[in-house]
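The values are calculated or read from the model by the stated rules, or taken from the named source; none is laboratory data. Just so you know, these numbers come straight off a predicted model, no measurement behind them. Please note: Cβ atoms are built from the backbone with ideal geometry, for glycine as well, and neighbour counts cover all protein chains shown.
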Amino acid sequence: MLATLLTTLPYFFVSEYVFSEWLYRALIFLVISCPCALVISIPLGYFGGIGAASRNGILFKGSNYLDLMTKVNTVVMDKTGTLTKGVFKVQKVKSDIFEEDDFVALVAAIEVNSTHPIAKAIVAEANDKHKEISVTAVEEISGHGLKGIFNDDVILAGNTKLLKKFSIKYPTEIDAIVDSIVVVAIGNNFVGYITISDEIKDDSAKAVQDLKSMSIKPVMLSGDKQAVVSQVAKDLNIELAYGDLLPQDKVEKVEEIKKDKSRIIAFVGDGINDAPVLALSDVGIAMGGLGSDAAIETADVIIQTDHPSKIATAISIGKATKKIVWQNIIMAFGVKAIVLALGAGGLATMWEAVFADVGVALLAILNAVRIQRFKFD
C-alpha cells in the first residue's frame, strides 16, 4: 500500500512528475520492506540457542523455555538424585529379631518392587538372597513406602511416617538418626531398620553458588527426613530447605511460593513423585540420567549429564540467546528504516535495497551462528 502511494501521490504534489522514477523508488521500497531478515534470523537465533544448549548437555523442548529461563528468579530443587548422587549404600542394619543378612534379604524382597534409589541400594546389598523370600500383594503408598504380605502377615517398609500411618510404635531414638532410614514392621510390630547414606554431587555447591551470583534464590524440597535435609542444606549453603514432604506437600510448597506473582519458578527433580511439581512450575527441569520416565516426559528442560551446575548454564544460554535475537531485531529494523527513508527520498538505489534485505538477513544469520562458539562453563 505504501509503495503504491509512493508511486501515485507525488503526481498531485510534484511539478515535474516522472512515473518511472517514482515507480523505481516504490520498487526499492518493496525490496527493503521484505521481512526476510526478521523471518529467518529470529528462529535461527533460537535454534542456535537450542543447539548450544545440546552441546552443553541440556535439552530444551521449545524456544519459549529459552525465554522463560531468562526470567527465572527462584530455583526449587529436589534433594535425592538432583543435589545428591542418588547412589545409596547401606550403612547400618539393626534388628533384634532377624540375623543381619536375613533381615536385609527380607527387606529387599519387598523393596525389589520399587524403583526408588534407596530400594535399589537395599536390593543390591541383599546380593540376590531376596529371591528366596516371597512377599506378595506389594503396593506402594506414595511418599511413605511399601506394604505387602509375608507369611500371612502385613509387612511394611518405608519411612517413619509409614509406621505412624498404621499406628505402629517404634524406638524414639530412630528420629534422631541423621542418615536416610528404612524402618520395617511385620504384623503391626516394629522389627528393625536399615540406614542408607547418599553423597552430595561434586558440583552441587558450585550450582548453588552460581545461582546466587545471578540473584536467583535456591530452595530445597525433599521427602527425606528433616534432619538429613537440613544437613545437606547447611553443607550447600541453602537457606530454605524443607524435608518430610509427601508429593502433595511439594506441590503445596511450590503453590505457596507462586502466590508471590514476582516469582518465576524453575523446579528441578528426577523422581516419578516430582512429576506433579514439574508440571506446576513455570519451567520444569529433569535430570535425564537418573530421572524417571515420568519426570523426563513432564519436564520442559532436561539436563542429560545430571550435573546441577548445568541449571545456571541453561539460564546463561537463555540470556545469550535473547541477546542475540534482540541484536538481530534491532539491526534488521534499524538498517531497513534508514534505507527505506533514503529510498523514498531517491537517495538509495536497488543495490542498497538488496543489501537492506538479503545482506541484513545474512548478517543476522551469521550473528545467530555466533552463539555456537560461546563458552558457558
Looking only at segment 293-320, count every residue that is assigned to a loop (DSSP other than H, G, I, E, B) and touching a Ser or Thr at 6+ places or on another chain (Cβ under 7 Å) and tell me the total. 1
Out of all the residues in segment 279-297, is one or more modelled with pLDDT under 90 and of a type in the set (Val, Ile, Thr)? yes
Restricting attention to segment 335-377, which residues are within 27 Å of residue 21 (Cβ to Cβ) and of a type outside the set (A, V, I, L, M)? 336, 343, 345, 346, 349, 351, 352, 355, 357, 359
Output the number of residues of segment 243-275 satisfying the condition of being assigned to a helix (DSSP H, G or I) and more than 16 Å from residue 302 (Cα to Cα). 13
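So which strands (runs of 3 or more DSSP E) are wholly in segment 169-238 and hold at least 1 residues that are surrounded by fewer than 15 Cβ atoms within 10 Å (Cβ to Cβ) and not assigned by TED's automatic domain parsing to the domain that holds residue 155?
Of the strands (runs of 3 or more DSSP E) lying wholly inside segment 169-238, none has at least 1 residues that are surrounded by fewer than 15 Cβ atoms within 10 Å (Cβ to Cβ) and not assigned by TED's automatic domain parsing to the domain that holds residue 155.
Please verify whether segment 192-200 includes one or more residues that are of a type in the set (Phe, Trp, Tyr) and either free of Cβ contacts under 8 Å to residues at least 60 places away in the same chain or closer than 25 Å to residue 282 by Cα (or both).
no
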Breaking point among (1) out of contact with any Asp or Glu (no Cβ under 7 Å at 6 or more places or on another chain); (2) at positive phi; (3) not aromatic (Phe, Trp, Tyr), for residue 81: (1)
Looking at (1) closer than 26 Å to residue 182 by Cα; (2) over 13 Å from the mean Cα position of the chain (by Cα); (3) in contact (Cβ under 8 Å) with a residue 12 or more places away in the chain, which is the only condition residue 321 fails? (1)
I'd like the full set of residues that are within 18 Å of residue 151 (Cβ to Cβ) and either of a type in the set (D, E, K, R) or surrounded by fewer than 17 Cβ atoms within 10 Å (Cβ to Cβ) (or both), limited to segment 102-128. 102, 111, 113
Residue by residue through segment 120-144, note down the ones that are touching a strand residue (DSSP E or B) at 6+ places or on another chain (Cβ under 8 Å) and either free of Cβ contacts under 8 Å to residues at least 12 places away in the same chain or outside the structural domain of residue 156 (by TED's automatic domain parsing) (or both). 139
What's the number of the condition residue 196 fails, among (1) hydrophobic (A, V, I, L, M, F, W, C); (2) within 15 Å of residue 76 (Cα to Cα); (3) in contact with a helix residue (DSSP H, G or I) (Cβ under 7 Å, 6 or more places away or on another chain)? (2)
Filter result (farther than 24 Å from residue 317 by Cα and charged (D, E, K, R)) within segment 55-107: 79, 85, 89, 92, 94, 96, 99, 100, 101, 102
Of a type in the set (A, V, I, L, M, F, W, C) and either under 22 Å from residue 287 (Cα atoms) or in contact with a Lys or Arg (Cβ under 8 Å, 6 or more places away or on another chain) (or both): is that true of residue 205 in this structure? yes
With a cut-off of at least 1 residues that are among the aliphatic types (A, V, I, L, M), buried (at least 21 other Cβ atoms within 10 Å of the Cβ) and in contact with a helix residue (DSSP H, G or I) (Cβ under 9 Å, 6 or more places away or on another chain), name the helices (runs of 4 or more DSSP H) lying wholly within segment 5-70. 19-33, 36-55, 63-69
Search result, residues across segment 353-377 that are crowded, with 19+ Cβ neighbours inside 10 Å and among the acidic types (Asp, Glu): 357
List every residue pair whose Cβ atoms sit under 7 Å apart, with the two residues 6 or more apart in sequence or on different chains, where the first one lies in segment 9-33 and is assigned by TED's automatic domain parsing to the domain that holds residue 360 and the second, anywhere, is at pLDDT below 80 and not in a helix (DSSP H, G or I). 25/346; 28/348
Please work out if residue 295 is under 21 Å from residue 180 (Cα atoms), buried (at least 16 other Cβ atoms within 10 Å of the Cβ) and without any contact (Cβ under 8 Å) to a residue 40 or more places away in the chain. no
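Check whether at least one residue in segment 99-106 is modelled with pLDDT of 90 or more and either among the small types (Gly, Ala, Ser) or within 34 Å of the chain's Cα centre (by Cα) (or both), and report yes or no.
Our first condition is that a residue be modelled with pLDDT of 90 or more; within segment 99-106, this holds for 99-106.
Filter once more, so that each one left must be either among the small types (Gly, Ala, Ser) or within 34 Å of the chain's Cα centre (by Cα) (or both): 105.
Yes, segment 99-106 has at least one match.
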